[in-house]
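**Q** Take this structure first; my questions come after.
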Amino acid sequence: TLDVRFTTAANTLVEVGRNLVRLWFIKGSDMRFEEVDMSTMQNVSWWERHLGTFQCRFVVVTCSQSNALLFLSPQPTTFYTCVGWIDNDLIVGASTGDVIRFAGVTPISKIKAHTSKITNISSVAGGTFAISAANSVKLYDSKCRCIIAVDTEVLGVRHPISSLSWHADKRKILIGTEGNEVWELSSEDGSNINDGPLVSAHASSPMAISAHPNGTTFATVADDGFLRVWNDENTSLDLAMPSRACAYSPDGRMLAVGFGKPVKDTAKTINGKWVIIDVSGRSYCIIAERRDSRKFIREMKWYSNGDRLAVGSDKIYVYQLASETNPALKVDISLVSTIDMNSPSIHFDFSKDGKYLRVNSEANELMWFEADPAIRISEASLMKDTEWESDTCVFDWNVQGTHHPEGPNVRSLDCYTEDCSSVVTGGDDGVLRMYSYPCTSTRSNFLSYVGHDGAVSSVMILKGGSHVISAGDDHAIMIWRHEIDDKYGDRLLSERQESSVIDAVDATDICHTALYGCADQIIFPTSGLCVLLDAKRSTQNLFQQHNSQIGTVATSSSRQLVASGDSCSDFPTKIWIWDPQTCTEIASLSDSRLRGVSVLAFSPDENRLACVSSDENHRIFVWTAINGNWSNAYLSAYSMGGHEKISFVQFTQTQLITGGRNNLNFWSFVPNLSVSKGVVSTQSQDDTLLLCGALVGDTLLTGTSKGSFVTWDLTENKIVSEVKAHNSSVTSLSACPEGIVSGSSDGLVTIWVWSSDAFQKKRSFDVGTTSAIHSLDICPHSNGHSTMKILAVSDSTCFEISCVTGRVTNAAKIPTAGEESTC
């Protein structure tokens, strides 16, 4: 399939592809299609139309006189590539350069629009349309007469056209190219409205990044042969050769660029050559060049006083530089030393005194050398107190914790040590990860950020630490805002997309939730949607009112109401109350003090909803519905929750209970929310972390980090008993007809019978994962005395457990940002 579009009728889709034009008709949840016969539009013989299906190359025809052997060519393959409209008539572009017009489902005419494949059709009101091929754009009127033809190569467009949009009112055409450029043309005469492309970026990867010392500018180079300087002016320079290394001089007036690539594809590519470019003015010019290697340049690094430059290829070459500014900027270069390597260098750093180089090789080695006279230092202990100008080596003692045994390879790395020490890494999986610096243990906590669709080839923190720049093998350059929070450390927020930071304190924190709906549907959040999955009918519905990622979901006791809240604190936060049967909104709740939602819970009578915000104060909000009408709900209680994270909320008849790591609070509603802290015994204070909680009748039960159940006296708010339940942390609890269902950090789910203030294990289920159970929900049997099914979420997988047969099935995959849900 190459294109899919809705027709002017909302219940019909058009699908095109290889030898394929298909109309889909939608009725409710059913879809049926009708194949369009395109043979009437092809100049082929009867034999080709009927025998081409079998890919016949010849057929024997028997005649009265003799047998004749008739050779036929294979059936021609036509790719129908794109879809458009002339008023209500469908038009389809083909790989033959034809545009075919339809009346209903019947092709009625075609025009030869281009000599090559039609790549895009952009239709506008009045029946006019624009079409594009590789290097040309044509505009047609409603009678299929060409109005304007534009040869984009004449305008300077070097890459084939990949996308097209015509804005007839503004008389402008936008074209996107395979070279990551956007051009803006006039639809009146086809001229280029701007001096060059409206937007441009690199057309290939990997890319190298170098940050200007001013902290607001950076430069990139890539295999497409362009140097691009990113600032308010966004300058580009055609170097005519692929490049994978660049470095700004310490004063920012010069930029060194190294040329070459692993496999030369043109004679113009000179592996091992490098140049110095004067970037102090508006007109960039090469002021020095050198070549001492026949292998491509991988890395370049200036020493801070600007008189020394290290260039890495098959060897590392250290140069002495002498620059003059009168009458013009000029540089004299002399080779100081050559460091022989068994494996090519990929990263290196100068020491602060300029005497040493710390080097990583392609063979994953960490080595130290004297910069002059290029002597290797074999004793690592001699370098333990050496201070370094930069920290970009991916293999070093201070960053060894960023390499996880079963994790992705770390391709690039940079450290920021001025205000709040941190390490940012880019991996083969396209994920940026942030650690505290130094990072010496693989068990160190980190924050991860998804953006690239491919390995992160280069990552760099700008001077001052305000932004992080990353470049990936997906040809994308991303700018991330680097925010420093004195209390909680560093956060990265992508400026390309709205995102939220998940507070991942340890593996037992609840990150995903799945719940049962009113008709055994499975409800779970995915990015900005709530999915209602009906596994029996293999259908799903969506609640789509959220404008940002969903933080949490809760259902009422009758399963007739669902509450879902935004997780993002950068935008006005909303909580939606909605009907799970129809996926329609009932009410929306908000407050100017609400910054992201981490926990939601309905009261047993379904007339109140408690919310915990995800900000550092963990504010508690309680809304009350007037006479059960949520359209008239009002904020009835509010209070600061404290600095400790809250992971569960429970309603009793008279109070609200909140708890989490190191905290358990009992809140009364008269006159407003007033708190009474739970008393943890001295014996268990040091080693007990409360991770989850649930009400079993009139008793509060909490799960701890050491695998025990703790029961609480709700009158005196203190521990009554503590019983060992699991061999690992109890990470999730849910009340059930038998008593309680618990989940542990080793992936075990257990049903417990509660009677006479004692617990008895009824049955355990191993869901087949070694990760923690983050959330639990149950579906009771119709008799109300036993549990029929259990939903258990571990990492991003939702498991459904049959308590009758013991069978564990993978019900759904709850995706993280950027993934698609599967069932």
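The values are calculated or read from the model by the stated rules, or taken from the named source; none is laboratory data. Worth saying up front: this structure is predicted, and the values here are computed from it rather than measured. Cβ: placed from backbone, ideal geometry, glycine included. Neighbour counts: every protein chain shown. With ligands, DNA and RNA removed, areas are computed over all heavy atoms of the protein, side chains included. Shrake-Rupley method; radii C 1.70, N 1.55, O 1.52, S 1.80 Å.
**Q** Please work out which residue is nearest to Asp89 (Cα to Cα), limiting yourself to region 136-159 and to residues that are surrounded by 21 or more Cβ atoms within 10 Å (Cβ to Cβ) and not polar (S, T, N, Q).
**A** Looking at residues that are surrounded by 21 or more Cβ atoms within 10 Å (Cβ to Cβ) and not polar (S, T, N, Q), I get Tyr140.
**Q** Step by step: first the residues of region 107-135, then only those that are in a strand (DSSP E or B) and either on the phi > 0 side of the Ramachandran plot or without any contact (Cβ under 8 Å) to a residue 24 or more places away in the chain (or both), then the one that is most open to solvent (accessible area, probe 1.4 Å). Which residue is that?
**A** Lys112
**Q** For region 712-734: of the residues being surrounded by 15 or more Cβ atoms within 10 Å (Cβ to Cβ) and within 20 Å of Trp667 (Cβ to Cβ), which is modelled with the lowest pLDDT?
**A** Asn717
**Q** Same structure, new question: Return the pair list, or none, for Cβ contacts closer than 6 Å from residues in region 650-671 that are part of a strand (DSSP E or B) to residues that are among the β-branched types (Val, Ile, Thr), at least 6 apart or on different chains.
**A** Sorted first by the residue in region 650-671, then by its partner, the pairs are Gln650/Ile657; Thr658/Ile646; Thr658/Val649; Gly660/Ile646; Asn665/Thr658; Asn665/Val675; Phe666/Ile657; Trp667/Val675.
**Q** Of these, Ser293, Ser334, which one is more than 36 Å from the chain's Cα centre (by Cα) and either on the phi > 0 side of the Ramachandran plot or open to solvent by 10 Å² or more (accessible area, probe 1.4 Å) (or both)?
**A** None of the other options fit; the residue is Ser334.
**Q** Every residue in region 589-612 that is within 28 Å of the chain's Cα centre (by Cα) and either closer than 15 Å to Trp630 by Cα or outside any loop (DSSP other than H, G, I, E, B) (or both), please.
**A** So in region 589-612, the residues within 28 Å of the chain's Cα centre (by Cα) come out as 590, 594-600, 611-612.
Residues satisfying the conditions are Ser590, Val597, Ser598, Val599, Leu600, Cys611, Val612.
**Q** With the checklist (1) touching a Phe, Trp or Tyr at 6+ places or on another chain (Cβ under 6 Å); (2) at pLDDT below 75; (3) surrounded by 21 or more Cβ atoms within 10 Å (Cβ to Cβ) in hand, flag the one item Thr508 doesn't pass.
**A** (1)
**Q** Determine, yes or no, whether Ser162 is modelled with pLDDT of 90 or more, surrounded by fewer than 19 Cβ atoms within 10 Å (Cβ to Cβ), in contact with a strand residue (DSSP E or B) (Cβ under 7 Å, 6 or more places away or on another chain) and not in a loop (DSSP other than H, G, I, E, B).
**A** Details: modelled with pLDDT of 90 or more: yes; surrounded by fewer than 19 Cβ atoms within 10 Å (Cβ to Cβ): yes; in contact with a strand residue (DSSP E or B) (Cβ under 7 Å, 6 or more places away or on another chain): yes; not in a loop (DSSP other than H, G, I, E, B): yes.
Against the criterion (modelled with pLDDT of 90 or more, surrounded by fewer than 19 Cβ atoms within 10 Å (Cβ to Cβ), in contact with a strand residue (DSSP E or B) (Cβ under 7 Å, 6 or more places away or on another chain) and not in a loop (DSSP other than H, G, I, E, B)), Ser162 qualifies.
**Q** Right, here's the next one. For Ser236, which of the numbered conditions (1) hydroxyl-bearing (Ser, Thr, Tyr); (2) open to solvent by 30 Å² or more (accessible area, probe 1.4 Å); (3) touching a Gly at 6+ places or on another chain (Cβ under 7 Å) fails to hold?
**A** If we test Ser236 against (1) hydroxyl-bearing (Ser, Thr, Tyr); (2) open to solvent by 30 Å² or more (accessible area, probe 1.4 Å); (3) touching a Gly at 6+ places or on another chain (Cβ under 7 Å), just (3) comes out false.
**Q** Looking at (1) crowded, with 18+ Cβ neighbours inside 10 Å; (2) modelled with pLDDT of 85 or more; (3) out of contact with any strand residue (DSSP E or B) (no Cβ under 6 Å at 6 or more places or on another chain), which is the one condition that is false for Val562?
**A** Here Val562 clears every test but (3).
**Q** Which of the following residues is crowded, with 18+ Cβ neighbours inside 10 Å, more than 28 Å from Gly697 (Cβ to Cβ) and at pLDDT 90 or above: Val622, Val612, Val597, Val649? Write out each step before concluding.
**A** Details: Val622 fails: more than 28 Å from Gly697 (Cβ to Cβ); Val612 fails: more than 28 Å from Gly697 (Cβ to Cβ); Val649 fails: more than 28 Å from Gly697 (Cβ to Cβ).
Of the residues listed, the single one that is crowded, with 18+ Cβ neighbours inside 10 Å, more than 28 Å from Gly697 (Cβ to Cβ) and at pLDDT 90 or above is Val597.
**Q** Moving on to the next point. Confirm whether Val99 is among the β-branched types (Val, Ile, Thr), in contact with a Lys or Arg (Cβ under 7 Å, 6 or more places away or on another chain) and closer than 22 Å to Leu185 by Cβ.
**A** yes
**Q** Does region 356-368 contain at least one residue that is in a strand (DSSP E or B), open to solvent by 30 Å² or more (accessible area, probe 1.4 Å) and in contact (Cβ under 8 Å) with a residue 40 or more places away in the chain?
**A** No, because not a single residue in region 356-368 is in a strand (DSSP E or B), open to solvent by 30 Å² or more (accessible area, probe 1.4 Å) and in contact (Cβ under 8 Å) with a residue 40 or more places away in the chain.
**Q** Another question, then. Hey, does region 443-455 have a residue that's at positive phi and either surrounded by fewer than 20 Cβ atoms within 10 Å (Cβ to Cβ) or more than 23 Å from the chain's Cα centre (by Cα) (or both)?
**A** Initially, region 443-455 is screened for residues at positive phi, giving 454.
If we keep only those that are either surrounded by fewer than 20 Cβ atoms within 10 Å (Cβ to Cβ) or more than 23 Å from the chain's Cα centre (by Cα) (or both) as well, we get 454.
Looking for residues that are at positive phi and either surrounded by fewer than 20 Cβ atoms within 10 Å (Cβ to Cβ) or more than 23 Å from the chain's Cα centre (by Cα) (or both), one finds at least one in region 443-455, hence yes.
**Q** Is it true that some residue in region 682-691 is at pLDDT 80 or above and either among the small types (Gly, Ala, Ser) or under 25 Å from Lys724 (Cβ atoms) (or both)?
**A** Yes, region 682-691 contains a residue that is at pLDDT 80 or above and either among the small types (Gly, Ala, Ser) or under 25 Å from Lys724 (Cβ atoms) (or both).
**Q** Taking only region 177-221 into account, find how many residues are aliphatic (A, V, I, L, M) and either within 24 Å of Val150 (Cβ to Cβ) or without any contact (Cβ under 8 Å) to a residue 24 or more places away in the chain (or both).
**A** 7
**Q** Please tell me if Ser721 is within 27 Å of Glu800 (Cα to Cα) and among the polar types (S, T, N, Q).
**A** Spelling it out, it is not the case that Ser721 is within 27 Å of Glu800 (Cα to Cα) and among the polar types (S, T, N, Q).
**Q** For region 49-64, check the following and say yes or no: at least one residue is outside any loop (DSSP other than H, G, I, E, B), open to solvent by 20 Å² or more (accessible area, probe 1.4 Å) and at pLDDT 90 or above.
**A** For region 49-64, residues outside any loop (DSSP other than H, G, I, E, B), open to solvent by 20 Å² or more (accessible area, probe 1.4 Å) and at pLDDT 90 or above: absent.
**Q** Name the residue, out of Pro197, Pro213, that is surrounded by fewer than 21 Cβ atoms within 10 Å (Cβ to Cβ) and at negative phi.
**A** Result: Pro213 is the single residue among Pro197, Pro213 that is surrounded by fewer than 21 Cβ atoms within 10 Å (Cβ to Cβ) and at negative phi.
**Q** Still on this model: Does region 401-414 contain at least one residue that is acidic (Asp, Glu), touching a strand residue (DSSP E or B) at 6+ places or on another chain (Cβ under 9 Å), closer than 19 Å to His347 by Cα and part of a strand (DSSP E or B)?
**A** yes
**Q** Looking at Val150, is it in contact with a Leu (Cβ under 7 Å, 6 or more places away or on another chain) and farther than 19 Å from Asp3 by Cβ?
**A** Against the criterion (in contact with a Leu (Cβ under 7 Å, 6 or more places away or on another chain) and farther than 19 Å from Asp3 by Cβ), Val150 qualifies.
**Q** Turning to a different aspect of this structure: How many residues does region 371-412 contain that are open to solvent by 60 Å² or more (accessible area, probe 1.4 Å), of a type in the set (D, E, K, R) and out of contact with any Phe, Trp or Tyr (no Cβ under 6 Å at 6 or more places or on another chain)?
**A** Result for region 371-412: 7.
**Q** Suppose we keep only residues that are modelled with pLDDT of 90 or more and over 19 Å from Leu515 (Cα atoms) within region 746-756. Which one would you say is surrounded by the most Cβ atoms within 10 Å (Cβ to Cβ)?
**A** Trp752
**Q** While we're on this one: Can you tell me which residue within region 418-427, out of those that are out of contact with any Phe, Trp or Tyr (no Cβ under 6 Å at 6 or more places or on another chain) and of a type outside the set (Asp, Glu), is most open to solvent (accessible area, probe 1.4 Å)?
**A** Looking only at region 418-427, we keep the residues that are out of contact with any Phe, Trp or Tyr (no Cβ under 6 Å at 6 or more places or on another chain), and these are 418-420, 424-427.
Right, trim to of a type outside the set (Asp, Glu) and you get 420, 424-427.
Numbers: Cys420: 36, Val424: 0, Thr425: 4, Gly426: 0, Gly427: 3 Å².
Here the answer is Cys420.
**Q** So, in region 337-355, of the ones that are assigned to a strand (DSSP E or B) and in contact (Cβ under 8 Å) with a residue 40 or more places away in the chain, which residue ends up farthest from the chain's Cα centre (by Cα)?
**A** So, considering only residues that are assigned to a strand (DSSP E or B) and in contact (Cβ under 8 Å) with a residue 40 or more places away in the chain, the one farthest from the chain's Cα centre (by Cα) is Thr338.
**Q** If I go through region 435-482 residue by residue, how many of them are more than 29 Å from Gly252 (Cβ to Cβ), assigned to a strand (DSSP E or B) and of a type in the set (S, T, N, Q)?
**A** So the answer is 2.
**Q** Now for a separate question. Given Ile175, Ile91, which one is under 22 Å from Val21 (Cβ atoms) and either within 37 Å of the chain's Cα centre (by Cα) or open to solvent by less than 10 Å² (accessible area, probe 1.4 Å) (or both)?
**A** Ile91
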